[in-house]
Every structure is written in C-alpha cells, then in structure tokens.
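**Q** Sharing a structure here in structure tokens format.
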Amino acid sequence: MRLPQVQHRYATVQRVVGLLLMAFSSTMLPPILVDGFYREGVALAFVWGFLITLLFGALLWLPVHRHRRELKIREGFLVVVLFWTVLSLFAAIPLYIALTPRLGIAQAVFEAVSGLTTTGATVITGLDSLPHAVLYYRQQMQWLGGMGIIVLAVAILPLLGVGGMQIYRAEVPGPIKDNKLTPRIKETARVLWQIYLTLTIACGVAYYLAGMTPFDAVGHAFSTVATGGFSTHDRSIGFYESHTIELICIAFMIASSINFGLHFAMLREKHPLAYWRDAEFRTFIGILGAGVVLITVVLWIFGTYGSGLQAFRQALFQVVSIGTTSGFTTADYNAWPSLLAPLLLFGSFAGGCAASTTGGIKVVRIVLLFKQGIREVVRMIHPNAELPIKIGHRKVPDRVVQAVWGFFSVYMGFYLIIFFLMMASGLDVVTAFSAVAATLNNLGPGLGDVANNFGVVPEFGLWVGIFAMLLGRLEIFPLLVLLTPYFWRR
C-alpha cells in the first residue's frame, strides 16, 4: 500500500519520532523502582506515564514501520525539534499526574522542559519533602538532556534504518558542526556518550566518598555533569556545607563545560596540553578566572564575608556555577553588593564551550564576535588588507563568521521579544529581564522574584519561558528554520 504523498514525505520522521518516544518511555521505569524501595506511593503516576508514552510512540511507528529512507537535512531538523517538543510534553505526564507535588499543566510542562533542556529553573518548592521517585526523575531528565537524547539515538540509528549525520548536525551545539571525532557518525555518538558516562560515574563516586548519601550522589552527578542545576534539596549544594563537595562540583562543572572533542583528544594523546592548545578553552578559563578575581575583590572590599578566603570560596563556586549555566548555589548572591548579581547573570550569556552540555551563546562565538570587531576596526585603517580570522592556527571561513553574527543578532532579537512578553505577563523589569536570561541561556536561577524559583510566574509567563528554554537548547536556528515558509517548500 502506497502512502499519500505528504505522509510519504515525512514517514521517516514519523517513524524515528515514534521509535524514540517508545525508547523514552523506558526512562519512566527507574522512578517506579525507586518508589518501590522508598514506598511513598507515587509509582502509579510513572506507570501511567510509561504506558501513555509507549502507546503513543507505537501508534506513530506502526503505520510507517516498513518505511526506510535516508534522512535529508531538513528532516533532521524536523526530527530534532519535534522530538524535543513532543518529548517534553510526555515527560510532563508523571509530574502532572503525581499528587506530590501538585502541579498544573503549565507548571508540569515547565518543569519537564527545564529538566530536559538542563535549564534547572523550577516551579517546585519544598524539595526536601518530595517523594524520592519525583526527585530522581527530575535529576534523570537533566542527565538525559545533557548530551542530548538525539545524540544517543544517533548511535543506534543504523539499526533503525536511517542515517545519522543530519540529526547530529541539527543537535550538536556550536558554529562548526562538521568536525567529527571519528570517521563514522555512529562511532562519534558512542565516543561522546562513553565520555559522558565516565564523567557521570566519576562524579557520583566522588560525591559519595565526600559524604553524600548514595541517592544524593547519583542525583547530583546527573545534574552536575549535565550542567543542569536541579538538586534534591532546597538549599542546593549549600545544603551540605562541605568544602570538599563544592570543589568536586566545581571540577565536574568545568569538565562538562569543555568541548567533548577535547576530552577525546586528551584521551587519545594522553597529555593534558591537548586542552591548553585550544583557544576556546583558554578563553573560557580566562573568563572564569577574571570573574572569580573581580568578585572576590568586591566581596572583600565590602566586607560581605569575614575573611578573604571565605569570599574567594563563595566567589569561585558562584562564578563557575553561573558561568557554566549550571545554576547550583551555595550562597544568596542576590544579597551581595548590588553590582555582582547582574554581573554573574551576564556571565551566563557566554556559557561554556561548543559541543559541551552548557547553555548560552558559547565561548567560541564570543571569541569570533570579538575578533570580527577588531578586524572591522583595523579595516578602517587598512581598507584593502586581507585579514583572516583564526581560532588558534586554523583560519575560520567567512561563512562561519557571518553565521555567528547572524546567530548573535537573532539571539538578541528573541531576547527582546521574550523580555517584553515576560513583562506582559505581569513581571517587573528586573524579574522579567533575568527570567529571560535564566531560560534562554538555560541557566536556571534569576534575579528578583525568580531568584529562588519560578513559582510566582503567571501561567502565560511559564509558557513563554518554556518557549525560551527550547529555543536556547536548540540554539535558535533549528526551531527558527521550521517557522520559515522556505522549509516547507519542496
């Protein structure tokens, strides 16, 4: 039986999304086991979530399960966007059904999107009293979203009968996406996930040895390596009041903010200089270092803490956490001298390195924007000079530089639009401005009324925040492409 033309055109997309939804339904099984261990009575919410997600995925897959065709680039974008949006809706089902916490539809979807996009913004209060299954589910969502479930699926796409490079190009963050770690895309995805899994295990073991319970160690390892920021406690990492745990968290937040290709290069060369040779890594470390020094000095001058060492400790953690868009906290930085909280917030715009788990614009784009600005100044003096832009010793094609400028302008344009929408929902200027930064940069905490959580944001503002988080996680263009009429033309 031949499929209708429109259905035939997107049959491969439907088949892949159906299969991935069925695979995702299995992620609702571990919380059932967790609830079975703690006996807190929320397992039924996850059973329903599992069944509904599995059934819907099967209904998508069955009509087109025999349709096998190589994905084209536009279909790769469509799979990525559909999967993140559809997945978020189904991930919200257990949170909506569960009686504890009691969430509305907008709140449940917001929490699910925040988890999967590794934003870390939450509408939930009283984390210390939540059922363990719900706490585990939130942490697990961040871990799955950290490297991108699509990249995991790319490793098995040959088994599904479709190619993977198109999805990889659409999903991996950063301006240069054609550089693969290994010759085959399946092997590339496997390498990425092996590194990701290794970091997670190492982080969890370190947390446990430092004094966390096994449950907290696993949960915080998930969110730390994902640079997500969800915690099992209202006070976040500050709950433990442990220098050792804070240092472990800092180390793994930085490790997860580095281009995973650099981790692979270091393992292959077995030499740490592989990191330092990378211009983006050096810039990233320089930005964090400058932020730590500046904020430590200000805290010391204002006498916020009793000693310079304590000021350094708090500055170090907050700068790394916000700069990597993780969003963990050990101190109320909103109570610091007034210039510091906005300074930290602006630091999240850069984010971490490309091809990492962080949000934000990415450091490599900031470097290219700066170098392009310098080049334009020099051109005013030497109009006919050939001035190539380089990252390290590699010349960056002008096409990439133009794409970065395009990304930056669109990013700022959407920031303004979402800012005014947030204000239209009833938020004040400071709260609206920081709420956009917290969601679009996939950061989590903001300023003003959203400094601790987004529970005070009206329903309309939550839907705006959901859109902003998806936009930031997809780095704007994959979602924007679908909104253009050119995409839907044959």
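**Q** Within region 325-362, restricting attention to residues that are free of Cβ contacts under 8 Å to residues at least 60 places away in the same chain and hydroxyl-bearing (Ser, Thr, Tyr), which residue is nearest to residue 228 (Cα to Cα)?
**A** The qualifying residue nearest to residue 228 (Cα to Cα) is 333.
**Q** In region 63-96, how many residues are under 28 Å from residue 489 (Cα atoms), in a helix (DSSP H, G or I) and in contact with a Gly (Cβ under 8 Å, 6 or more places away or on another chain)?
**A** 1
**Q** Kindly check whether there is at least one residue in region 220-239 that is hydrophobic (A, V, I, L, M, F, W, C), under 16 Å from residue 320 (Cα atoms) and out of contact with any helix residue (DSSP H, G or I) (no Cβ under 6 Å at 6 or more places or on another chain).
**A** There is no residue in region 220-239 that is hydrophobic (A, V, I, L, M, F, W, C), under 16 Å from residue 320 (Cα atoms) and out of contact with any helix residue (DSSP H, G or I) (no Cβ under 6 Å at 6 or more places or on another chain).
**Q** Do any helices (runs of 4 or more DSSP H) entirely within region 101-208 hold 3 or more residues that are over 30 Å from residue 40 (Cα atoms) and either acidic (Asp, Glu) or modelled with pLDDT under 90 (or both), and if so, which?
**A** Helices (runs of 4 or more DSSP H) meeting the threshold: 149-160, 165-171.
**Q** Counting just the residues of region 354-363 that are at pLDDT 90 or above and hydrophobic (A, V, I, L, M, F, W, C), which one comes out nearest to residue 259 (Cα to Cα)?
**A** 363
**Q** Just the residues that are β-branched (Val, Ile, Thr) and surrounded by 20 or more Cβ atoms within 10 Å (Cβ to Cβ), please, taken from region 196-233.
**A** 200, 218, 224, 225, 227, 232
**Q** If you scan region 59-78, which residues turn out to be of a type in the set (A, V, I, L, M, F, W, C), surrounded by fewer than 18 Cβ atoms within 10 Å (Cβ to Cβ) and over 31 Å from the mean Cα position of the chain (by Cα)?
**A** Of region 59-78, the ones of a type in the set (A, V, I, L, M, F, W, C) are 59-62, 64, 71, 73, 77-78.
Now restrict to residues that are surrounded by fewer than 18 Cβ atoms within 10 Å (Cβ to Cβ): 59, 62, 73.
Listed by number, the list holds a single entry, 62.
**Q** Residue pairs, Cβ under 8 Å, 6 or more apart or interchain, first in region 363-382 and over 19 Å from residue 399 (Cβ atoms), second outside any helix (DSSP H, G or I) and of a type outside the set (D, E, K, R). List them.
**A** Between residues of region 363-382 that are over 19 Å from residue 399 (Cβ atoms) and residues that are outside any helix (DSSP H, G or I) and of a type outside the set (D, E, K, R), the close pairs are 363/351; 363/352; 363/353; 363/354; 378/385; 378/387.
**Q** Follow-up. If only one of 324, 296, 304, 283 is of a type in the set (Ser, Thr, Tyr) and crowded, with 23+ Cβ neighbours inside 10 Å, which one is it?
**A** Working: 296 fails: crowded, with 23+ Cβ neighbours inside 10 Å; 304 fails: crowded, with 23+ Cβ neighbours inside 10 Å; 283 fails: crowded, with 23+ Cβ neighbours inside 10 Å.
Matching residue, one of 324, 296, 304, 283: 324.
**Q** Still on this structure: Buried (at least 17 other Cβ atoms within 10 Å of the Cβ), over 23 Å from residue 127 (Cα atoms), hydrophobic (A, V, I, L, M, F, W, C) and at pLDDT below 95: which single residue out of 410, 436, 464, 404 fits that description?
**A** Details: 410 fails: buried (at least 17 other Cβ atoms within 10 Å of the Cβ); 436 fails: at pLDDT below 95; 464 fails: at pLDDT below 95.
The unique qualifying residue is 404.
**Q** Hey, another quick one. Please work out which residue is nearest to residue 391 (Cα to Cα), limiting yourself to region 328-374 and to residues that are part of a helix (DSSP H, G or I), touching a Leu at 6+ places or on another chain (Cβ under 8 Å) and of a type in the set (Gly, Ala, Ser). Show your work before the answer.
**A** At the first step, the residues of region 328-374 found to be part of a helix (DSSP H, G or I) are 333-335, 340-350, 363-374.
Keeping just the survivors that are touching a Leu at 6+ places or on another chain (Cβ under 8 Å) gives 333-334, 340-343, 345, 348.
If we keep only those that are of a type in the set (Gly, Ala, Ser) too, we end up with 341, 348.
On the way: 341: 31, 348: 22 Å.
Per the criteria, the residue is 348.
The values are calculated or read from the model by the stated rules, or taken from the named source; none is laboratory data. None of these values were measured; they are calculated from a predicted model. Virtual Cβ from ideal backbone geometry, glycine too; neighbours counted across all protein chains shown.
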